[in-house]
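**Student:** If you scroll down you'll find the structure; I have some questions about it.
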Amino acid sequence: MSGAPGADAVPGVGIVVPTPRVGVAVPAAGAGRRMGGERKPFLLLDGEPLLLHALRPFLRTPGVEAVVVAVAEAEGDETRAWTAALDGRVRVVTGGATRSDSVAAAVAALPEALDVILVHDAARPLVGDDVVRRCIEAAAAGSGAVAGWPATDTLKEVDAGGLVVRTPDRERIWHAQTPQGFPAAVLRRALADPGGRARATDDAALVEAAGLPVRMVRGAPDNLKVTRPADLALAEVLLARRRAEAVTDVRAFDPSTDLESALEVARRDGILVYPTETVYGFGGRLTPAAVSAVLGLKARDQTRPLLVLVPGAEAVPGLRWTAEARALADAFWPGALTLVLADPDGAFPPGVRSPEGGVAVRRSPHPVASALVAALGEPLTSTSANAPGRPPAREGREALAAALATGPVAPVHLLDAGALPPSPPSTIVDCTAARPRVLRAGSIPVSRLRCVLPDLQDV
Ligand code: CTP
Ligand code: MG
């Protein structure tokens with residue numbers, strides 16, 4: 001595996017697994033014959049093209065560096081217009097006569113230095129982040145990986161005259177879906193043979209034909225491929241059901257009853273929407289699934305890693321507490337002061353740990369946030385609750401609407417504390433170096449911090 005930009009700590013084991021470098025090829029150049037000649041990638045689902053639904057889970061998955069969409073030549077400009085607004089990592093190329101030709105065109109336009117290539121049909125708008133992650137894991141471990149689901153109908157093999165030749169053992173039959181993932185070199189080699197490409201109906205078949213191992217990984221029954229007109233109506237229903245399941249509570253927060261249901265959502269790697277002493281925040285546990293779900297809510301405007309709210313200084317043993325950092329925490333915590341501490345052993349996951357190895361922590365004085373973190377007993381990620389491009393929410397329902405605006409795939413739970421008073425953001429101090437430095441002026445004036453640390457460097 002080539003050089004890795006980040007690292008995932010395996011919880012409880014302490015082994016650091018390099019994050020594989022991932023590229024995604026998205027065939028979208030089909031004629032849509034079974035859809036009556038409709039251009040499927042542009043059909044609207046919940047007001048947005050299927051293609052965009054199909055791309056989003058990949059764009060919020062750690063390690064994904066490039067995405068190439070192959071479309072019919074006439075559709076290039078329209079596709080570029082949609083995807084440019086979505087994410088700068090997406091490129092558009094012209095597809096080919098068969099699906100495999102389109103995949104080959106997309107793969108050829110991906111960067112060379114990748115560990116894993118995923119292939120995903122533009123016509124599958126409901127793929128879950130967990131399925132994407134499983135395909136990457138299996139492919140990074142060295143085999144091909146096909147998302148799939150066990151057959152529910154009995155299948156029959158028939159001859160040309162319609163006579164049943166065989167009834168395969170259903171226990172061993174799975175429906176193949178996408179994504180399919182492969183070690184990059186393996187897929188490139190398999191796609192190089194034009195004859196093989198003409199015969200294969202999916203990418204795994206090409207790799208199987210080359211005699212290489214391909215593993216079935218758990219997909220999802222609702223990872224539907226929109227093929228016929230009725231499928232679009234079904235996709236609308238499945239998406240609406242997913243969103244309805246995602247919203248579990250919009251009542252005002254009552255610690256005596258609501259804390260437990262919030263913890264339950266957090267333990268399932270869901271997203272909590274909660275009030276802090278500044279604005280509403282989105283957050284969750286430090287697991288890769290929960291971190292990527294929270295980052296996904298802000299895919300377009302998250303430039304910094306997520307900060308974490310902690311129950312107290314002693315609750316984050318992986319971080320390096322300098323004497324200066326301790327002095328600031330003793331004086332101002334709980335309070336709107338965020339401290340960036342060094343994480344020398346990579347105890348925190350990418351998305352929380354900065355590329356330089358710092359983690360931003362704070363002990364919140366807000367009664368709901370602090371009760372939540374204390375009850376959870378572990379750090380809770382925190383980023384301001386806003387829909388991409390909008391200001392942070394100061395009202396519970398507005399924060400919930402912001403979370404739902406991007407179509408989250410994890411359950412979302414609001415701890416509603418009504419409207420919050422206007423407040424500046426927290427003050428941020430970098431304590432990773434010998435001499436602490438203010439990174440962002442905010443709620444607590446630097447002059448007050450200097451009462452504790454006269455030597456503090458300004459912004
Ligand atoms: N595809 C492609 N290039 C082709 C054929 C198909 O990129 N020459 C893509 C489709 O756009 C789709 C995916 O492969 O995203 C799966 O194909 P399918 O669902 O069969 O779509 P179509 O080929 O468009 O539909 P049909 O077979 O009904 O014509
Ligand atoms: Mg087709």
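Where a number appears in this text, it was derived from the coordinates with a stated rule and is not lab data. Computed from a predicted structure; not experimentally measured. Note that we place each Cβ from the backbone using ideal geometry, even for glycine, and neighbour counts take in every protein chain shown.
**Student:** Could you go through the stretch 434-439 in sequence order and give the Karplus-derived ³J(HN,Hα) for each residue, using 6.51 cos²θ - 1.76 cosθ + 1.60 with θ = phi - 60°, rounded to whole Hz, and x for Gly and Pro?
**Tutor:** 4, 10, x, 9, 6, 9
**Student:** Given R₀ = 41 Å, what would the calculated FRET efficiency be for Gln457 paired with Glu112, taking r from the Cβ atoms and rounding to 0.05?
**Tutor:** Approximately 0.45, to the nearest 0.05.
**Student:** Counting DSSP beta bridges in the chain, what percent are antiparallel, to the nearest 5?
**Tutor:** 50
**Student:** What dipole magnitude, in Debye to the nearest 20, does the chain give about its Cα centre under +1 on Lys/Arg Cβ and -1 on Asp/Glu Cβ?
**Tutor:** Dipole about the Cα centre, nearest 20: 340 debye.
**Student:** On to the next question. Give me the compactness ratio for the stretch 40-148, meaning the Cα radius of gyration over 2.2 N^0.38 Å.
**Tutor:** Ratio of Rg to 2.2 N^0.38 Å for the stretch 40-148: 1.03.
**Student:** Sticking with this one: Within 10 Å, count the other beta carbons around each residue, average over each peptide in 383-394, 273-284, 209-220, 60-71, and list them highest first.
**Tutor:** In descending order of packing, they fall as 273-284, 60-71, 383-394, 209-220.
**Student:** If you don't mind, there's one more thing I want to ask. Hey, what do the phi angles of the stretch 49-57 turn into as Karplus ³J(HN,Hα) couplings, whole Hz, using 6.51/-1.76/1.60 and θ = phi - 60°, x for Gly and Pro?
**Tutor:** 3J(HN,Hα) across the stretch 49-57, in whole Hz: x, 3, 4, 5, 4, 5, 7, 3, x.
**Student:** If I fit a long axis through the Cα atoms of helix 99-108 and take the longest principal axis of the Cα atoms of the chain, what angle between them do I get, 0 to 90°, rounded to 10?
**Tutor:** Approximately 40 degrees, to the nearest ten.
**Student:** Further, regarding this structure: Taking amide hydrogens as modeled 1.01 Å from N in the peptide plane, which residues meet the under 5 Å criterion relative to Val217, leaving out close sequence neighbours?
**Tutor:** The list, which skips near neighbours in sequence, is Val146, Ala147, Gly148.
**Student:** By a straight-distance test (C-alpha under 23 Å), which lysines pair with Lys40 as possible cross-link partners, with residues fewer than eight away in the same chain excluded?
**Tutor:** The reachable lysines, counting only those whose Cα sits under 23 Å from Lys40, are Lys225.
**Student:** Grab every C-alpha pair in the chain, bin the distances at 20 angstrom width from 0 up to the longest one, and report whole percents.
**Tutor:** Result, from short to long distances: 23, 51, 23, 3, 0 percent.
**Student:** Would you mind checking the tilt of helix 255-267 against the longest principal axis of the Cα atoms of the chain, expressed as 0 to 90 degrees and rounded to 10?
**Tutor:** Around 50 degrees separate the two axes.
**Student:** Using 0.36 nm per residue, how much length does the chain from Ala374 to Arg80 gain when fully extended, once their Cα-Cα distance is taken away?
**Tutor:** This chain segment gains 101.2 nm when fully extended.
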